[in-house]
Amino acid sequence: MRTFRDRILAKAKRVLLSNSLILILFKLWNIKKEQFTCPICRYQGPFVEMHPETGIRKHAACPKCSSLERHRLQFLVIDNLAERFDLSKMSILHFAPEKFLQDYFKKLFKQYTSADLVMKNVDYQANLLNLPFEDDTYDFVFASHVLEHIKDDTRALSEIYRILRPNGIAVLPVPIIAYKTVEYPQPNPYESNHVRSTGPDYFEKYSLYFNKVETFDSNDFSIKYQIFTYEDRACFPTVNMPLRPAMAGDKHLDIVPVCFV
Ligand SMILES: [Zn+2]
């Protein structure tokens, strides 16, 4: 398992790379590596590999803005929605807000509200199981990698549905780390307290609440954005992650579901 020092060093490495001189040196040093484009900050060059507890993740982080594979895919999906819907007339609730998406959403939507259960710098400290908003308050809800932490996810989904206006949209991605969803009896502290390993079938649950669920995946956009997860998942299950299933290969699809009221 990675130590606290390893995490700090990894974080420092990413922060340091945001310095433009170091960024140029990083690009020169890795000139022979695969080159990508970050759709968020428009950086072009090699991406940084990550070393999470689950192993090495190749081409994971943009060295300029620190976006990960999932953030880049989500950004491209939002871009697609912005072409089809007038987001400038919509109000958004951004749950568990990611900083770089936060700035983007503030420019894109008419009204921006952030919320989280524990984060301090948000407009509302709120529980997704009992949101402090009237029915039909928002046009758009974005909550990425949140539902895999919530046992009573059907309650959370009904709350999201309740606060959305007619014709509202919810973007609710979870990590795709299984072929078929496996529920855990309790949160696993070795997996960031996830209560399940989620697979593509998980989104069938969304159809119980929403009229239509449209999914985008890593194959829907150019490979230049590097929106696949390169990770060896054959090692599972492990002692600390006994219910997490194995997956073959080291290149995995990510999926972003878009739910329509
Ligand atoms: Zn970037």
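Quick note: the coordinates plus some simple rules give every number you see, no bench work behind them. Everything numeric here is computed off the predicted structure, so don't read it as measured data. FYI the Cβ positions are ideal-geometry reconstructions off the backbone, even for glycines, and counts take in every protein chain you see.
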Taking Arg42, Arg155, Arg57 and counting other C-beta atoms within 10 Å, the order from fewest to most: Arg42, Arg155, Arg57
Farthest toward positive dipole pole in the chain [+1 Lys/Arg, -1 Asp/Glu at C-beta], among Leu147, Leu157, Trp29: Trp29
Label-zone membership for segment 123-155, site Lys110, 7 angstrom Cα→C-beta point, backbone N under 15 Å: 136-141
Unmatched cysteines, the chain - criterion: no other Cβ of a Cys under 4.7 angstrom: Cys235, Cys259
Segment 121-261, Cα convex hull volume normalised per residue, Å³: 129
Approximate spin-label separation Asp135-Cys235, in nm, with each point projected 7 Å along Cα-to-Cβ: 5.0
Size of charge dipole - the chain - debye, nearest 20, with Cβ of Lys, Arg +1 and Asp, Glu -1, no other charges: 1080
Reference-scaled alpha-carbon Rg (2.2 N^0.38 Å with N residues) for the chain: 1.01
Top of Tyr161, Tyr43, Tyr138 by mean-square fluctuation, Gaussian network on the chain, Cα under 10 Å: Tyr43
Calculated [θ] (222 nm, deg cm²/dmol) that DSSP helices of n ≥ 4 give over the chain, each run adding -39,500 (n - 2.57): -7500 deg cm²/dmol
Span from the segment 121-148 Cα centroid across to the segment 42-78 one, whole angstrom: 26
Orientation-averaged projected area, Cα convex hull of segment 98-188 (nm²): 7.0
Mean Cβ neighbour count within 10 Å, used as a protection proxy, ranking 103-113, 234-244, 71-81 highest first: 71-81, 103-113, 234-244
Gain in span if fully extended, Asp86 to Asp201, counting 0.36 nm per residue against the direct Cα distance: 38.4 nm
DSSP beta bridge pairing in segment 78-142, given as percent antiparallel to the nearest 5: 10
Positive dipole terminus of the chain, leading residue within Pro39, Leu128, Val195 (C-beta point charges): Pro39
Percentage relative contact order, the chain, counting C-alpha pairs under 8 Å, at least six apart: 17
Potential lengthening between Leu25 and Tyr190 on full extension [0.36 nm per residue; Cα-Cα distance subtracted]: 55.9 nm
Distance-filtered residues of segment 185-203 - backbone nitrogen under 16 Å, label point 7 angstrom along Arg155 Cα→Cβ: 186-187, 195
Contour excess over end-to-end distance, with Cα ends at Asp103 and Lys224 and 0.36 nm allotted per residue: 41.2 nm
